[in-house]
Amino acid sequence: MSETAVSDTRNIVLLGHTGSGKTTLVDALAFKMGINDRLGSVDDGTSVSDYTDEERERKTSIYCSTFNAEYKSNGSATHIFYTDTPGYADFYGQVVAASSVSDAALIVVDAHSGIQVGSNRGWNLCEKEGKARGIVITGLDRENTDAAAALQKIQDTWGARCVPVNLPAADGTIIDLLGKNIPDDLAAQVEEIKGSLLELAAETDDTLIEKFLAGEELTAEEISAGLRNAVATGGLVPVFFCAPLKGQGLEQLLDGVSRLLPSPAEVDRKDADGKPIDAAADGPLAGLVWRSVNDPFIGQLTFVRIFGGTLKGDGETFNATKGAKERLGACLSINGKNQDNVAAATPGQIVALAKLKHTGVNDVICAAGAEIHLASIAFPSPATSFSVRAKSKADDDKIGTALHRLTEEDPTIRIEHNNETHEMVLSGLGDVHLEVAVDKMRKRSHVEVLLDTPKVPYRETVTGMGEGHYRHRKQSGGRGQYGEVFLRVEPRDPSDEEWFVNAIVGGAIPGNFVPAVQKGVVEGTQRGAVAGYPVVNLKVTVYDGSYHDVDSSEIAFKIAGSRALREGMSKAKPVLLEPIMKVEVSIPDQFLGDINGDLNHKRGRILGMGSDVGLQVIQAEVPVSELFRYGAELRSITGGQGSFTMEFSRYDVVPSNLTAKIVAEAEKHEEED
């Protein structure tokens, strides 16, 4: 594998909506390239890509699967690495990781279903990354499929730069437009498309465009080079028609990947400091860990994409991110669930390393002593959260280790210990994402957990001014306790750093007791006067008090300060605050009214609306308490065609009609505790 020249290596990622035929295409390519000795099937559970128990049970891709093989055509050989990705929105983190380490993409669109949310998501990801891409129209082997209509929809949505390089003929075969033996019924259409391709090829070079405009014929080499440049710069997005189950169009697709998509040496990659990465096999070693898998037989497998230099097995390498040396065993070439030892890996190639001690996702592998920093993969933020607890005492002892293993394998899963609500919160990209994670814990770590709706981390504040007073006096034989505090409570602007003001005059409270008063006030802010939630944006002024020469103490003034604060808050128009999330919902046009109505029902405030490649995008602010089940609700409303992201925006006042209910629930939980 390492003997392949970098110029003859291709590394591509397959993107698309769930059900678009990506995995069926991968199975067909694996059979065509000799990776598998039979054609796998998702429905039969024999797919080389969807091979895990979770994927077989759900009949959908959940994890990335990487394959590689040499493809020979017209006397030349190209080593192609390709990665199948999930189309389901809950597993988008896998898509982002695989795309980050690929040089080009194939966006798979089903001819019958057309462009869907996942298709647009893949296109937008390529646009964001400036990635060369092609489009594969599948599903031609299904009845009542209109190939011409599918192509027209793609061009209407993504632009005229999407130009076919092959076409389905009336007899079901697929014709190479740049080849010979064009059927008579396609001759006129082929001639028109060829003209578009030649013009796009010529536009990439001043000499070629002059030659083209002068009516001179371009050579085959000039056309090939021009088309390749057009794809690399985004001026051309080649469209391939393919019928995977019938084996039609596969050779043309593989030829197109070899001829039109860029090699690692042709992709302009820079490190985190903006310096070019030398994509030569004899250059400095630079590799990025993009995936980590716990293999049931081998143990931890760390997937590395090589960007520069050569990684050799059975040696030593350096983790530049952690500053630690790593002893390597064998480099493993990956084809789905199968692994083979290889001597080394060069730029563009993906290998797996077993049982590394210090290395995880987003770590950089380089030569010992080198200082190489690569841009980290920006994984999407969680959109769904559940509180999680062990089902039994035995599971309670193992839950920490099991959750840690989950986060090692999947960076889009987050674990947080919420000190306010005293819950462990498990967060992910959707409810299905977390269901799969919990199922994995049960099967692999033998830990069963219970999921529930998390408690909302409310806050409290005041909207007016209030006076507080408390005299703490206690006499129980011997030395007593005495401390009296008068204070004023009012709202504080968050930009005002001074929140505690000592306005004592005349020594009403001795200076050595003022810090104790402040400690009592701080302690009091941990449990507010409305429902016992932490208090924020509060200004407290201590202006009077009294003391006793013998009985006064720090503990007395601490208690007096805390109790005086509670009284002051109760008179200062206290309110409950709830976290507000900024939400962005992407949906097809037909669901716009339903989603707007649903967001309004959830006390959402619409901030704006726009469009993004055939989708409507709604931006809104919604209380987090209304969003815990939103992933499932959105999927139900849109039939799985909607997606959303959210991030924390601010805290805002809870409506008075809901405050009483929240207070009652807080009192109930306090009684239970």
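Quick notes
- As a summary of the residue check, Arg38 satisfies the conditions (1) more than 30 Å from Gly313 (Cβ to Cβ); (2) modelled with pLDDT of 95 or more except for the one numbered (2).
- Leading residue by the ranking (surrounded by the most Cβ atoms within 10 Å (Cβ to Cβ)) among those in segment 210-258 that are in contact with a strand residue (DSSP E or B) (Cβ under 8 Å, 6 or more places away or on another chain) and of a type in the set (Asp, Glu): Asp255
- From the options Thr157, Thr173, Thr138, residue that is within 13 Å of Phe241 (Cβ to Cβ), polar (S, T, N, Q) and surrounded by fewer than 24 Cβ atoms within 10 Å (Cβ to Cβ): Thr173
- Test: Phe307 is outside the structural domain of Tyr51 (by TED's automatic domain parsing), at pLDDT 95 or above and out of contact with any Ser or Thr (no Cβ under 9 Å at 6 or more places or on another chain): yes
- Every condition in (1) under 17 Å from Ser119 (Cα atoms); (2) at pLDDT 95 or above; (3) small (Gly, Ala, Ser) holds for Ala620 except the one numbered (1).
- One residue alone among Ile334, Ile377 is within 23 Å of Ala281 (Cβ to Cβ), aliphatic (A, V, I, L, M) and either assigned to a loop (DSSP other than H, G, I, E, B) or outside the structural domain of Asp431 (by TED's automatic domain parsing) (or both), and that residue is Ile334.
- The one condition in (1) under 29 Å from Ala149 (Cα atoms); (2) in contact with a helix residue (DSSP H, G or I) (Cβ under 6 Å, 6 or more places away or on another chain); (3) of a type in the set (Ser, Thr, Tyr) that Ser73 fails to fulfil: (1)
- Residues satisfying the stated conditions in segment 412-462, i.e. among the hydroxyl-bearing types (Ser, Thr, Tyr), assigned to a loop (DSSP other than H, G, I, E, B) and closer than 22 Å to Glu667 by Cβ: Thr421, Thr453, Tyr458
- Any pair with Cβ under 8 angstrom, 6 or more apart, that starts in segment 551-577 at a residue that is closer than 13 Å to Leu487 by Cα and ends at one that is among the acidic types (Asp, Glu) and surrounded by 22 or more Cβ atoms within 10 Å (Cβ to Cβ): Met569/Glu460
- Qualifying residue in segment 389-410 (condition: of a type in the set (Gly, Ala, Ser), in contact (Cβ under 8 Å) with a residue 40 or more places away in the chain and closer than 24 Å to Val13 by Cα): no
- Helices (runs of 4 or more DSSP H) fully within segment 192-260 that include at least 2 residues being in contact (Cβ under 8 Å) with a residue 60 or more places away in the chain: 220-233, 250-260.
- Some residue of segment 85-95 being within 28 Å of Ile587 (Cβ to Cβ), part of a loop (DSSP other than H, G, I, E, B) and at pLDDT 95 or above: yes
- Exclusive hit being of a type in the set (Gly, Ala, Ser) and touching a Ser or Thr at 6+ places or on another chain (Cβ under 8 Å), set Gly604, Gly593, Gly524: Gly524
- All conditions in (1) surrounded by 13 or more Cβ atoms within 10 Å (Cβ to Cβ); (2) modelled with pLDDT under 95 hold for Ser656, with the sole exception of (1).
- In this structure, Ala170 does not qualify as assigned to a loop (DSSP other than H, G, I, E, B), farther than 15 Å from Val108 by Cα, in contact with a Ser or Thr (Cβ under 9 Å, 6 or more places away or on another chain) and not aromatic (Phe, Trp, Tyr).
- Output for segment 251-265, where each listed residue is out of contact with any Ser or Thr (no Cβ under 8 Å at 6 or more places or on another chain) and either among the hydrophobic types (A, V, I, L, M, F, W, C) or assigned by TED's automatic domain parsing to the domain that holds Leu406 (or both): Leu253, Leu260, Leu261
So that you can scan it fast, the table gives a plain yes or no per residue for (1) loosely packed, with under 14 Cβ neighbours inside 10 Å; (2) acidic (Asp, Glu); (3) at pLDDT below 95; (4) closer than 30 Å to Thr310 by Cβ:
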{"residue": "Val351", "(1), (2), (3), (4)": "no, no, no, yes"}
{"residue": "His358", "(1), (2), (3), (4)": "yes, no, yes, yes"}
{"residue": "Glu371", "(1), (2), (3), (4)": "yes, yes, yes, yes"}
{"residue": "Ala383", "(1), (2), (3), (4)": "no, no, yes, no"}
{"residue": "Ser392", "(1), (2), (3), (4)": "yes, no, yes, no"}
{"residue": "Asp396", "(1), (2), (3), (4)": "yes, yes, yes, no"}
{"residue": "Asp410", "(1), (2), (3), (4)": "no, yes, yes, yes"}
{"residue": "Asp431", "(1), (2), (3), (4)": "no, yes, yes, no"}
{"residue": "Gly464", "(1), (2), (3), (4)": "yes, no, no, no"}
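The values are calculated or read from the model by the stated rules, or taken from the named source; none is laboratory data. Since the structure is predicted, the reported quantities are computational estimates derived from the model, not experimental observations. All Cβ positions, glycine included, derive from the backbone under ideal geometry; neighbour counts span all protein chains shown.
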